[in-house]
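Quick notes on the structure that follows.
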Amino acid sequence: MAFRGTCHCGGTVFEVDAAPETVTSCTCSICSKRGALWAYYRKADVRIVKNETPTTYRWQTRTVAHNFCAVCGCTTFTESPDFSTGEANFDNPLTNINARLLDDFDLAAVPVTVIDGKNLW
């Protein structure tokens, strides 16, 4: 079963085949201000169906692409290396979706992990 996410205006649409088992709340300056709850997927497991007005913001090391809709302003997804080992693995890119945008999905039923991005990077 595919799970679909959309920004507020419908300009960005993405799909994943599996529901997130957990989501992450990051305390770094951009994530805390944007309010996203991230679900991590391998790049190949996310289909960007529509991205009409993409805008990308990169900060500090410019390693992570923070994408959002230029029309409605919703934070949509990020593109990043895999940091699960503590090091940036560029050979294993991730596409992290803002799980708040998933349509017909009970986000309250998913555990939230908080990472201290404010002090990690």
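Every read-out reported here was derived from the displayed coordinates using simple, explicitly stated rules and does not represent laboratory data. All values derive from a computational prediction rather than experimental measurement. Here the Cβ is made from the backbone with ideal geometry for all residues, glycine too, and neighbour counts use every protein chain on show.
Observations, loosely collected:
- Selection status of residue 45, out of contact with any Cys (no Cβ under 8 Å at 6 or more places or on another chain), acidic (Asp, Glu) and more than 26 Å from residue 87 (Cα to Cα): no
For (1) under 17 Å from residue 13 (Cα atoms); (2) in contact with a strand residue (DSSP E or B) (Cβ under 6 Å, 6 or more places away or on another chain); (3) among the basic types (Lys, Arg), each residue gets a yes or a no:
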| residue | (1), (2), (3) |
| --- | --- |
| 48 | yes, yes, no |
| 56 | yes, yes, no |
| 60 | no, no, no |
| 72 | yes, no, no |
| 77 | yes, yes, no |
| 81 | no, yes, no |
| 110 | no, yes, no |
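- Of all residues in segment 78-109, exactly one satisfies the criterion of being among the acidic types (Asp, Glu) and on the phi > 0 side of the Ramachandran plot, namely 104.
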